[in-house]
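Inspection log for the structure reproduced underneath, given as structure tokens.
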Amino acid sequence: MFAYLAKRLILMLPLFFGITLISFFVIHLAPGSPTDLQTQMNPKVSTEAIQRLRAFYGLDKPLHVQYLIWLKKLIKLDFGNSFSPDNRKVIEKIAERIPVTIMINVLSLFLILIVAVPIGVLSATHQNSFFDKFTTVFVFVGFAVPTFWLALLLMILFGVQLGWLPISGIKSLGYEPSSLFMIILDRTKHFILPVLLSAFGGLAGFSRYVRSNMLEVIRQDYIKTARAKGLSERTVVYHHALRNALLPVITILGLSVPGLIGGSVIFETIFAIPGMGQLFYWSVMSRDYPVIMGILVIGAFLTLIGNLLADLSYSLADPRIRNT
Amino acid sequence: MFDCGLANPEMRHARYQMNFRSAFRLSFSLSLLILTLMIFSGCSKKKGEEAKPVSYDSKPPAYGDTFVDSSIGDASNLIPILSSDSASHDIASLLYNGLVKYDKDLTISGDLAESWQISPDGLVITFKLRKGVAWHDGKPFTANDCLFTYQVIVDPRTPTAYAEDFKQIKKIKVVDDYTLEVCYGKPFAPALASWGMAMLPRHLLEGKDITKSPLSRNPVGTGPYRFKEWVTGQKIVLEANPSYFEGCPYIGRYIYRIIPDSATLFLELKSANIDRMGLTPIQFMRQTGSREIQSTFRKYRYLSFSYTYLGFNLKSPLFMDKRIRQAISCAIDRQEIIDGVLLGLGRIATGPYKPGTWQYNPNVRKYPYDPAKARELLAEAGWRDSNGDGILEKDGKIFQFTILTNQGNDVRSKSAEIIQRRLKEAGVDVKIRIVEWATFIKEFINNRKFEAVILGWTIPQDPDLYDIWHSSKTKPDELNFISYKNIEVDALLEKGRGTFNQDERKRCYDRIQEILAEEQPYAFLFVPEALPIIHARFRGIEPAPAGINYNFIKWYVPTDEQKYRDR
């Protein structure tokens, strides 16, 4: 087991650096540079000022030198400073945005799980029933509806017309923390719509996944055996079938680890949530290379770890894999 | 909806030096996005009606309440010389002062400088500074702060985009604490306005690396508001400065909310959670008419400081002949573009200046929609439709060209479509190509690989247009990318920036406008209107040529209408 783990970890290293290398060169291939926002089409900027700015960000050096400088810093766990005018530490910019993104993603993943699993199981056990057909249509509508449009409709209904929920932001404006309860209530109100909507889009995939796994499992011989033993349908479905049907879910959960830090630009923009999606989007738009690389590195790292964890827990959960 | 913020970034460079305290909100931040449309914001019902001061009641001014402003983008750095986005400069304009500012009529008046003198040869400006001005931390403001601001801007280690004007300075001397003497190598008219740049506190910045200064996120200035709090991506909070030298502002608190989506912004406005936003023409004309909005908000409209144009690549053989450019100008129905794209909320542009300013020359050649004249001019230049297919030919070549514009700017792409249709009627086959901004600049503008472009310029308060029209400014990164060259214009541009005498300058710029109108290197299209909407409880808003922001510290909410009391 430890040999396996060590081997996996060692193999991850070249993969990780490969990812950083490719990302670094690819983002530099895109036209435009971090200084453009300040200098382009600006009558007050001389060619010399452009050179000055480029030198300040180290953009005047050859690309491979820039990469090596960046890499050297990374090894010391230093992500460098942002190329945007604020010149702040990349890690600081990420740290200030990551909690809200993780919070929303965890909540919506949780919501997806507790809704999608029962939907999937029930549609499988009642295949082709009205419930099955209804949920199929429902989740696909959820999948197909442009969420920004739905978000706006819900904002108009709950925010503008009924006035029950705030329209945007993550806390109220003139909000002075009076009591813990009020703080929690205020935060909860702000999170309801974003969490609900981001879960809505994810329902379809997950519930269909559970449904098809479940359908496959209940046709297996061991389910017949269980039924033949005279176990109640309930025990058969929820004890024997479900456990096996949910095994692949581990893989999905493992793969969604990097997704937890990647916010959705669309939700964050619509709900004015200062999360990772916006940060990444704007850093791409302004060619803020250190921030882009910082987020990509963290993403790559989490993807690799997520895969490893999925594999490990799979072998823990499924004896058939453990032995091979 | 999520077009990149880079949509027409040139707007961002709204020559901030002077805009700080003056009126308009050319909302451009990197942020910027949909801003494109926000710019076209404004105020009243009938077209052409200039916004008038609203004096609907006479409740006395009162201190207190909060103004909740809104922006699509967050600020980046609150040391103004280090940032160029409009969000940062919006905030900075309330936190800092320059030595001079543009007043409501766009004439230069004193800000931190009480008065100034320009030597008869135009080489030396002597500023007399206000006494008794204090930084927000209580330290006195003196001429040494001005000297320091100059030094840090021209310091090659400072990554600033604003050094150019200050590099013209040959010598700068602090005569005493309240007198500053600035010597220039040659008379340079934009110099005076360049001192509208925010002055920085020497005692907090000297000897430190300005790029790492905590003042970036915790600024200290001399302005009417003091910095309180900045929650990244959410809001920036300022508080009235009770010891401001022009008196404490009435509105006690200023909150700048960051809401990146314009649809959300509009919903927040409808629920009165924000007190101001810039409307799009559609929102202005069609979506803010309900009784509820009419009674809670007031809309304003005034010409913005920008214009949109169709620029011709004068290196292309197609456009070398001035008659062709004039013909295209005749074939375009500008009013139709304004009505169709801006819903009437704009004015026809005749040159590079804003109508109503001193430098604007109304008596230039105009190009009303005249398809017959267009045909005539094209025929004169040798273009005829010999095979009857509706497209003109000359020497076996058909008259065809491509209009390029950048992605993410609806107004421009729609204008291109309208122009395309009108030119087709005139026998010219136009293709439209819309390109992402960075590619647009790098592959097409800088390499001069375009035939015609639709773009916009911010109109600076100072009329100096050397960088855009002078024939020396045609190198790859420079802004005379259409390669315009006219010896008389060159000479006038040099003369115009070399004198402080406004009458003499006006003569230069009047003539330049005549030449540009005659030669049509750009087909000037329109000046859009700014369309802000502001909560009706705010009084004292008086639209002027400078817009509305110039007297923000005099805005107030009568006591009985104050909304945010718990300060």
| request: Please report B:Cys330, B:Cys248 as a ranked list, fewest other C-beta atoms within 10 angstrom at the top and most at the bottom. | output: B:Cys248, B:Cys330
| note | Given all pairs of distinct Cα atoms, the stretch A:102-152 yields a Kirkwood Rh in Å of 12.2
| In the protein assembly as shown, with Lys and Arg counted as +1 and Asp and Glu as -1 at Cβ, which of these residues, B:Pro528, A:His64, B:Ile324, has the Cα nearest the positive end of the dipole, that is, farthest along it? | A:His64
| task | Please express the shape of the stretch B:414-476 as an equivalent ellipsoid: the semi-axes are the square roots of 5 times the eigenvalues of the C-alpha gyration tensor, given largest first in whole angstrom. | result | 26, 17, 12
| task | State which entries of B:Lys354/B:Lys506; A:Lys93/B:Lys212; B:Lys442/B:Lys475; B:Lys171/B:Lys475; B:Lys373/B:Lys414; B:Lys354/B:Lys554 exceed 19 angstrom in Cα-Cα distance in the structure shown. | result | B:Lys171/B:Lys475; B:Lys373/B:Lys414; B:Lys354/B:Lys554
| query | Of all chymotrypsin sites (Phe, Trp or Tyr not before Pro) in the stretch B:55-89, which ones are in loop regions per DSSP and have a Cβ with at most 10 other Cβ atoms within 10 Å? | reply | B:Tyr56
| note | Quick shape check on the protein assembly as shown: root eigenvalues a ≥ b ≥ c of the Cα gyration tensor, a/c under 1.5 is rounded, otherwise prolate if a/b tops b/c, else oblate, and it reads prolate
| query | Considering the dipole of chain B built from charges on the beta carbon (Lys and Arg +1, Asp and Glu -1) around the Cα centre, which of B:Ala161, B:Trp469, B:Leu205 is farthest to its positive end? | reply | B:Leu205
| Rg [Å, one decimal], Dmax [Å, integer] - the stretch B:347-394, C-alpha atoms | 16.3, 50
| message | Using a Debye calculation, one point per C-alpha and no hydration shell, please list log10 I(q)/I(0) for the stretch B:407-555 at q = 0.10 Å⁻¹ in order. | response | -0.53
| said: So if I take the alpha carbon set of the stretch A:246-315, get Rg, then get Rh from the Kirkwood formula, what is the Rg over Rh ratio? | reply: 1.09
| message | Per-residue Cβ counts within 10 Å, from other chains only, averaged over A:270-281: what number is that? | response | 4
| task | May I ask for the equivalent-ellipsoid semi-axes of the stretch B:55-125, computed as the square root of five times each C-alpha gyration tensor eigenvalue and listed largest first in whole Å? | result | 30, 23, 11
| message | Are there any trypsin sites (Lys or Arg not before Pro) in the stretch B:148-193 that are in a DSSP loop and have at most 12 other Cβ atoms within 10 Å? List them by number. | response | B:Arg157
| query | So which DSSP H runs in chain A come out at 24 Å plus along the axis (Cα) with average Kyte-Doolittle of at least -1.0? | reply | A:2-29, A:90-125, A:180-218, A:289-317
| query | What Kirkwood radius, in Å to one decimal, follows from the Cα pairs of chain A? | reply | 23.3
| remark: For chain B the mean separation of alpha carbon contacts under 8 Å (6+ apart) over residue count, i.e. relative contact order in percent, is 24
| Cα point-scatterer Debye curve for the stretch A:7-57, base-10 log of I(q)/I(0) at q = 0.16, 0.28, 0.30 Å⁻¹ | -0.62, -1.02, -1.07
| said: Using Stokes-Einstein with the Kirkwood hydrodynamic radius over Cα pairs, what translational diffusion coefficient do you get for the stretch B:237-281 at 25 °C and a viscosity of 0.890 mPa s, in µm²/s rounded to a whole number? | reply: 197
| message | Give me log10 I(q)/I(0) at q = 0.07, 0.08, 0.10 Å⁻¹ for chain B, Debye formula, one equal scatterer per alpha-carbon, no solvent. | response | -0.42, -0.55, -0.86
| task | Kindly rank B:117-123, B:231-237 from highest to lowest mean number of other beta carbons found within 10 Å of each residue. | result | B:231-237, B:117-123
| task | Fewest Cβ neighbours within 10 Å first, please rank A:Met293, A:Met12 accordingly. | result | A:Met12, A:Met293
| task | Sort out the exposed loop GluC sites (Glu not before Pro) in chain B (DSSP loop, at most 14 other Cβ within 10 Å) and tell me the longest stretch that has none. | result | B:247-567
| said: Under 25 °C and 0.890 mPa s, how fast does the stretch A:124-225 diffuse according to Stokes-Einstein, given a Kirkwood radius computed over C-alpha pairs? Answer in µm²/s, whole number. | reply: 148
| said: Quick check: Cα centre of the stretch B:76-121 to Cα centre of the stretch B:336-389, how many Å? | reply: 36
| field | Dipole magnitude of the stretch A:15-146 about its Cα centre (Cβ charges: Lys, Arg +1; Asp, Glu -1), debye to nearest 20 | value | 360
| Not counting the cut sites, what is the longest span of chain A without trypsin sites (Lys or Arg not before Pro) that DSSP labels loop and that have at most 11 other Cβ atoms within 10 Å? | A:77-218
| task | Could you list which residues have their amide H under 5 Å from that of B:Leu129, counting only those 5 or more apart in sequence or on another chain, with H placed in the peptide plane? | result | B:Glu114, B:Thr179, B:Leu180
| Average projection area in nm² (convex hull over Cα atoms of the stretch B:227-357, one quarter of hull surface) | 13.2
| query | Which chymotrypsin sites (Phe, Trp or Tyr not before Pro) from the stretch A:1-35 combine a DSSP loop assignment with at most 14 other Cβ atoms within 10 Å? | reply | none
| message | On the principal axes of its Cα set, how long, how wide and how thick is the stretch A:12-108? Give whole Å, largest value first. | response | 49, 32, 24
| field | Per-residue [θ]222 nm for the protein assembly as shown (sum of -39500 (n - 2.57) over DSSP H runs n ≥ 4, rounded to 500) | value | -12500 deg cm²/dmol
| query | Among the lysines, which have Cα under 16 Å from the Cα of A:Lys171 when same-chain residues fewer than 8 positions away are ignored? | reply | A:Lys189, B:Lys235
| request: Considering the convex hull of the alpha carbon atoms of the stretch A:37-91, report its projected area averaged over all viewing directions, in nm², one decimal. | output: 4.3
| request: Show which lysines lie in cross-link reach of B:Lys299 when reach means a straight Cα distance below 18 angstrom and same-chain residues fewer than eight apart are skipped. | output: B:Lys45, B:Lys46, B:Lys47, B:Lys52, B:Lys270
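Quick note: the coordinates plus some simple rules give every number you see, no bench work behind them. In this text, all values refer to a predicted model and were calculated from it rather than measured experimentally. Counting neighbours? That spans all protein chains shown, and the Cβs are built from the backbone with ideal geometry, glycine included.
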